[in-house]
Every structure is written in structure tokens, then in C-alpha cells.
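Each remark here refers to the structure printed beneath this line.
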Amino acid sequence: MAIIYTTRKRAQPGVKGGGNMKYYADIVIQGVDKIDDLIKRIEKSTTFSEPDIIGIVYALINEIENSLSNTKAVHFDKLVTFYPLVHSTGSDNEEHLNESNIISTDVRANVSKKLVKKLNNVPYQKVKKGKH
């Protein structure tokens, strides 16, 4: 297991006009694990059946939606925290700010520090462009 990366030439961040071009590391995504893939792997490594896992996943999704709809954050200790979020236009005074100022709602997901720490312990492997 390794984090695969390649190089990409880019302008210097924050330098007006781009500054000197430099090479930066760029992750090479090695594919996508879909929910069905994860369910099959969980089924093989546990005593749960595929229908049981699917039922739990969808029940969990419904409960996350319910919590967010009730203005609650949802915290998965070693994974992620979901927060409801609103985007609104500004108002000159507090009393005039109301529902009509709200443009949209959104969900913010903050990845847990434990997950990031785990990734920081995975080795890196550099590959040439096009060789992945």
C-alpha cells in the first residue's frame, strides 16, 4: 500500500504573475471504490450478509439526513463530521435578516484528524507521468 504521486509543473502559489515555475507533487488516483465494492469487502470480512449491510448503510444515510435537517452535526469518530451549512445574502441590520436572505443550504464534511494521521503513515511512491 502506497500513495502514488507524480509531478506537475505549476506557478508558485501566492506569487503575482506566477513567479518561477516549480514542480509539485500531484496524487494519482488509482480508481474509485464504490459503495457496492465496500459492501462486498465488508461481507467477506464479517458475518454480515450483503442485504444486512445495505440495509444498515441506507438506514445510516437516512439518519444522517434527519440529523442534518434538525440542525445537528453528525460525528463519526474516526472518519468524518458532517455539518449543515447555509449561504445567505447580507443584511444591514440583524432585524432585517430573515429566511428570504437564505440562498441555499449545503453540507460541510470535515475529515477526522485520526484518518489524516493514518494517511500520513502510508509510504509514498513516485511514478512517471503516464506510467500509472
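Eigenvalues of the alpha-carbon gyration tensor of segment 35-100, scaled by 5 and square-rooted, set the equivalent ellipsoid semi-axes at 39, 11, 9 angstrom, largest first.
Please identify the helices of the chain, taking whole runs of DSSP H, that span at least 27 Å along their own axis as judged from the Cα atoms and have a mean Kyte-Doolittle score of -0.5 or higher.
Long hydrophobic helices here: 50-69.
Taking Cβ atoms as reference points and 14 Å as the exclusive limit, the residues near L115 contribute a net charge of +4, counting Lys and Arg as +1 and Asp and Glu as -1. Amide H to amide H distances under 5 Å link S112 with L79, V80, T81, where only residues 5 or more positions off or on other chains count and H is placed in the peptide plane. Computed from label points 7 Å out along Cα-Cβ, the spacing between Y24 and K40 is 3.6 nm.
Between K117 and T6, the contour length at 0.36 nm per residue exceeds the alpha carbon distance by 37.8 nm.
When the listed pairs K22/K128; K9/K129; K16/K128; K40/K72; K22/K126; K72/K113 are checked against a 23 Å cut-off, the alpha-carbon distance exceeds it for K16/K128; K40/K72.
For segment 33-72, the alpha-carbon coordinates run over 36, 20, 12 Å along the three principal axes, in decreasing order.
Here the chain is assigned +1 on the Cβ of each Lys and Arg and -1 on the Cβ of each Asp and Glu. Its dipole about the Cα centre then comes out at about 1620 debye.
What FRET efficiency do you get for R108 and K128 if R0 is 30 Å and r is their Cβ-Cβ distance, rounded to the nearest 0.05? Taking R0 as 30 Å, the efficiency between R108 and K128 is 0.25. As a proxy for reagent exposure, I39, I29, I54 were ordered by neighbouring Cβ count within 10 angstrom, fewest first; the result is I29, I54, I39.
When you filter the trypsin sites (Lys or Arg not before Pro) in segment 88-132 for DSSP loop state and at most 10 other Cβ atoms inside 10 Å of their Cβ, you are left with K128, K129, K131. Listed by chain and number, the lysines whose C-alpha is less than 20 Å from the C-alpha of K117, apart from same-chain residues fewer than 8 away, are K78. Largest mean-square fluctuation among T105, T71, T81, in a Gaussian network model of the chain whose springs join Cα atoms under 10 Å apart, belongs to T105.
In this Cβ point-charge picture (+1 for Lys and Arg, -1 for Asp and Glu), segment 33-72 has a dipole of about 100 debye about its Cα centre. Fewest-first ordering of S91, S67 by other beta carbons within 10 Å of each residue's beta carbon gives S91, S67.
Just flag the trypsin sites (Lys or Arg not before Pro) in segment 9-60 sitting in loop per DSSP whose Cβ has no more than 11 other Cβ atoms within 10 Å.
Details: sites: K9, R10, K16, K22, K34, K40, R41, K44; in loops: K34.
When the trypsin sites (Lys or Arg not before Pro) of segment 9-60 are filtered for loop state and at most 11 Cβ neighbours within 10 Å, K34 remain.
Of all beta bridges that DSSP places with both ends in the chain, some 85 percent have antiparallel geometry. Note on the chain: Cα Rg divided by 2.2 N^0.38 Å, N the number of residues, gives 1.53.
Read-outs throughout are calculated quantities, based only on the coordinates presented, and are distinct from any laboratory measurement. Just so it is clear, the structure is predicted and the values come from calculations on it, not from any experiment. Note that we place each Cβ from the backbone using ideal geometry, even for glycine, and neighbour counts take in every protein chain shown.
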